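*Asks:* Structure incoming, see below.
None of the figures in this text is laboratory data; all of them are computed from the coordinates on show. The model shown is predicted, which means the values in this text are computed figures rather than measured ones. So basically every Cβ, Gly included, is an ideal-geometry build from the backbone, and we count neighbours across all protein chains shown.
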Amino acid sequence: MIEISHVDKFYGTFKVLDDCTTSVSKGEVVVVCGPSGSGKSTLIKTVNGLETINSGEIHVDGIKVNDRKTNLSKLRSRIGMVFQNFELFPHLSVTENLILAQTKVLGRSHEEARAKGLALLDRVGLKAHAEKFPGQLSGGQQQRVAIARALAMDPIAMLFDEPTSALDPEMITEVLDIMVQLAKENMTMMVVTHEMGFAKKVANRVIFMDQGKIAEDAKKDDFFGKPRSERAQLFLSKIL
Ligand code: ADP
Ligand code: MG
């Protein structure tokens with residue numbers, strides 16, 4: 001579903017991604033971890049073209065992302081992305097947040113989009129908050145709305161960039177529970193997170209990044225059993 005092949009990216013002379021190669025198969029859950037500044041966010045954003053690359057290739061569902069001829073907004077509409085800071089529209093109600101892209105981008109009728117949005121709100125346990133504004137919700141609730149909004153677009157894959165790192169501890173579980181559920185329903189997911197409990201529960205593979213390189217790309221059990229690189233061992237010993 002996602003193929004990243006020999007990707008390099010520079011910010012000026014700084015090499016933020018260094019020969020990154022990996023893939024995510026349909027239905028697979030891949031967790032990306034590593035120290036701050038190692039390039040995790042940059043890597044995940046290259047998948048839907050939110051960051052350009054300098055060399056290499058990226059394909060999503062057979063479509064080349066780094067190609068001028070590719071309709072990036074169309075591709076992005078099929079890939080759900082959830083960020084650390086929710087990024088909901090503050091001036092729109094929860095329901096309106098869920099409806100907007102469905103009608104504007106997918107051309108669904110208002111009624112259809114609303115029904116779909118409310119069903120997803122129910123699924124993330126927030127039906128009672130449909131008419132509130134994002135600012136009236138807790139961080140955990142806002143993030144669940146953001147996930148519902150992404151799912152409303154019927155995505156072929158979901159990208160998460162540290163979806164729980166801005167949340168108070170008691171709210172982390174309510175967001176992770178929804179992500180676990182999604183994983184169990186075989187959603188294709190690439191998840192940047194330091195929540196190793198989540199990784200242990202549902203990841204198929206774990207990628208460890210260090211200084212722009214994919215230092216380790218291993219099956220979950222191999223990664224937690226015995227990480228190959230010393231850097232990954234040290235990282236795990238600090239956060240587990
Ligand atoms: P991570 O998500 O692993 O913390 P990032 O992908 O956000 O890492 O950033 C990797 C490196 O690239 C960091 O050193 C960061 O300072 C640098 N960087 C990120 N965005 C930019 C930018 N727009 N311009 C210059 N440097 C950047
Ligand atoms: Mg980051």
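*Asks:* Largest first and to the nearest Å, give the Cα extent of the stretch 1-80 along each principal axis.
*Replies:* 30, 29, 19
*Asks:* Once the dipole of the chain is set up with Lys and Arg at +1 and Asp and Glu at -1 on Cβ about the Cα centre, which of 197, 134, 37 lies farthest towards its positive end?
*Replies:* 134
*Asks:* Could you give the alpha-carbon Rg of the stretch 85-153 over 2.2 N^0.38 Å, rounded to two decimals? Present the calculation step by step, with values, prior to reporting the outcome.
*Replies:* On the way: Rg = 10.6 Å, N = 69, 2.2 N^0.38 = 11.0 Å.
Ratio of Rg to 2.2 N^0.38 Å for the stretch 85-153: 0.96.
*Asks:* Here's something else I'd like to know. Pairs 40/220; 40/201; 64/127: which exceed 29 Å Cα-Cα?
*Replies:* Working: 40/220 18 Å; 40/201 21 Å; 64/127 38 Å.
Too far apart for the 29 Å limit: 64/127.
*Asks:* Can you list the GluC sites (Glu not before Pro) in the stretch 1-93 that are in a DSSP coil and have 15 or fewer other beta carbons within 10 angstrom?
*Replies:* In loop regions of the stretch 1-93 (DSSP not H, G, I, E or B), the sparsely surrounded GluC sites (Glu not before Pro) are 87.
*Asks:* Stokes-Einstein at 37 °C, 0.692 mPa s, Kirkwood radius from Cα pairs: D for the chain in µm² s⁻¹? Provide the component values of the computation, followed by the final result.
*Replies:* Working: Rh = 18.4 Å.
The estimated diffusion coefficient comes to 179 µm²/s.
*Asks:* With N residues in the stretch 105-240, what two-decimal value do you get for its Cα radius of gyration over 2.2 N^0.38 Å?
*Replies:* Details: Rg = 17.2 Å, N = 136, 2.2 N^0.38 = 14.2 Å.
Compared with the compact-globule rule of thumb, the stretch 105-240 sits at 1.21.
*Asks:* Quick one: order 129, 6 by neighbouring beta-carbon count within 10 Å, fewest to most. If you can, show how the numbers build up before the last one.
*Replies:* Numbers: 129 21, 6 12.
Placing the least packed residue first, the sequence is 6, 129.
*Asks:* Among 159, 62, 235, flag the residue with its Cα farthest along the positive direction of the charge dipole of the chain, charges on Cβ as +1 for Lys/Arg and -1 for Asp/Glu.
*Replies:* Ranked along the dipole, the leading option is 62.
*Asks:* Right, next: Counting only DSSP beta bridges with both residues in the chain, tell me the antiparallel percent, nearest 5.
*Replies:* On the way: 20 of 36 bridges.
About 55 percent, rounded to the nearest 5.
*Asks:* Determine which aspartates and glutamates satisfy two conditions relative to residue 226: a Cα distance under 13 Å, and not lying fewer than 8 residues away in the same chain.
*Replies:* In chain and number order, the partners are 216, 217.
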